[in-house]
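The values are calculated or read from the model by the stated rules, or taken from the named source; none is laboratory data. Bear in mind that the values here come from a model prediction, so they are computed numbers and not experimental data. With ideal geometry, Cβ positions are generated from the backbone for all residues, glycine too; neighbour counts draw on all protein chains shown. Just so you know, the surface numbers come from the protein's heavy atoms only, side chains and all, with ligands and any DNA or RNA stripped out. Shrake-Rupley method; radii C 1.70, N 1.55, O 1.52, S 1.80 Å.
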Amino acid sequence: MRLTTIAVILGLAIAPALPAQSSNAGNFSTMPPAPWPPVATFSILGYDPATGEVGGAVQSRVFSVGNGVLWAEAGVGAAATQAIVDVSYGPQAIALLRGGMKPADVIKKVWESDPDPRPTDWTKFGRQFAVIDMQGNVAAYTGPKASEWAGDKQGKYCTAQGNILAGPDVVSGMVKAFEETPGHLSLRLLAALEAGQLAGGDKRGMQSAAMLIVKKDGGVWLHNDVVLRLQVDDNPEPIKELRRLVEKAASQRRPRR
């Protein structure tokens, strides 16, 4: 299959907070309970025209954030779906990009087609969604009901977005780091996450991170489009661990013959 995903509904990966009388209550967030816990993250999508690689990276204070945020297909583009997540936005975006639609039109089409099945506790007005194509065109949507601070910023061949963040410096720092960091796309995406965290990141803290990069036949095996797919599901310093894995991969990367 051409569609390479890190998928599973992200919201299902997060256990609801236990009642206060539970003996384990101290191990859970003190945020007010909700029918579905708010899902926060900051992510970066990027494209390298020199190599034809496209992908993204993500970090959050939730368990296994990679399960639902990042989507990519070689030769097509990538998407990130987060905040009040509807994971179906990912494959919808890839399909529309494959058909030749521009990212801004993809955002509009997918969001307007959303039937908003849970408007009271999981509204489409809280979704956050970003898309990049193989020309480096980018677009993003941050709903007015996404948990504050929420926003996005676009740069050259990249888009950064996040919610429940320390502030706008998070996404601004991510774009700047991506644009100014040399080297392989994985190092540029990683630098963006590090810059976002340095600017305050997810104001609840850190727990997991992931990265996905694709290119047609760019993997280490035949007919493998996955250049890199990494997940750090539960770690007090997930970006640091992601850097270790990215550098490990870089040390083993060989030019293709």
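Counting only residues that are free of Cβ contacts under 8 Å to residues at least 12 places away in the same chain and small (Gly, Ala, Ser), segment 68-109 holds 4 of them.
When the strands (runs of 3 or more DSSP E) confined to segment 39-112 are screened for residues that are in contact with a strand residue (DSSP E or B) (Cβ under 8 Å, 6 or more places away or on another chain) and not small (Gly, Ala, Ser), those reaching at least 3 such residues are found at 42-48, 53-60, 70-73.
Residue-wise test of (1) closer than 30 Å to Gly143 by Cα; (2) in contact (Cβ under 8 Å) with a residue 24 or more places away in the chain.
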site	(1), (2)
Gln161	yes, yes
Lys176	yes, no
Arg204	yes, yes
Val227	no, yes
Arg244	no, no
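Here Ala209 meets the list (1) over 21 Å from Gly68 (Cβ atoms); (2) in a strand (DSSP E or B); (3) not polar (S, T, N, Q) almost entirely, failing just condition (1).
Annotation: Pro103 fulfils all but one of (1) out of contact with any helix residue (DSSP H, G or I) (no Cβ under 6 Å at 6 or more places or on another chain); (2) surrounded by fewer than 24 Cβ atoms within 10 Å (Cβ to Cβ); the unmet one is (2).
Mind checking which residues of segment 231-252 are open to solvent by 30 Å² or more (accessible area, probe 1.4 Å), in contact with a strand residue (DSSP E or B) (Cβ under 9 Å, 6 or more places away or on another chain) and either assigned to a loop (DSSP other than H, G, I, E, B) or within 22 Å of Ala79 (Cα to Cα) (or both)? The answer is Gln231, Asp233, Asp234, Asn235. Over 23 Å from Arg229 (Cα atoms), open to solvent by 10 Å² or more (accessible area, probe 1.4 Å) and of a type outside the set (A, V, I, L, M, F, W, C): is that true of Gln135 in this structure? When the stated conditions are applied, Gln135 does not pass them.
Cβ-Cβ contacts under 9 Å between residues 6 or more apart (or on different chains), taken from a first residue in segment 42-58 that is under 18 Å from Met206 (Cβ atoms) to a second residue that is charged (D, E, K, R) and in a strand (DSSP E or B), are listed as Phe42/Asp202. The selection criterion, being surrounded by 19 or more Cβ atoms within 10 Å (Cβ to Cβ), of a type in the set (Ser, Thr, Tyr) and in contact with a strand residue (DSSP E or B) (Cβ under 9 Å, 6 or more places away or on another chain), does not hold for Ser172.
You will find that of Asp105, Asp152, Asp121, the residue that is of a type in the set (D, E, K, R) and at pLDDT below 95 is Asp121 and no other. Residues in segment 41-68 that are among the hydrophobic types (A, V, I, L, M, F, W, C), farther than 9 Å from Ser208 by Cβ and open to solvent by 10 Å² or more (accessible area, probe 1.4 Å): Ala50 only.
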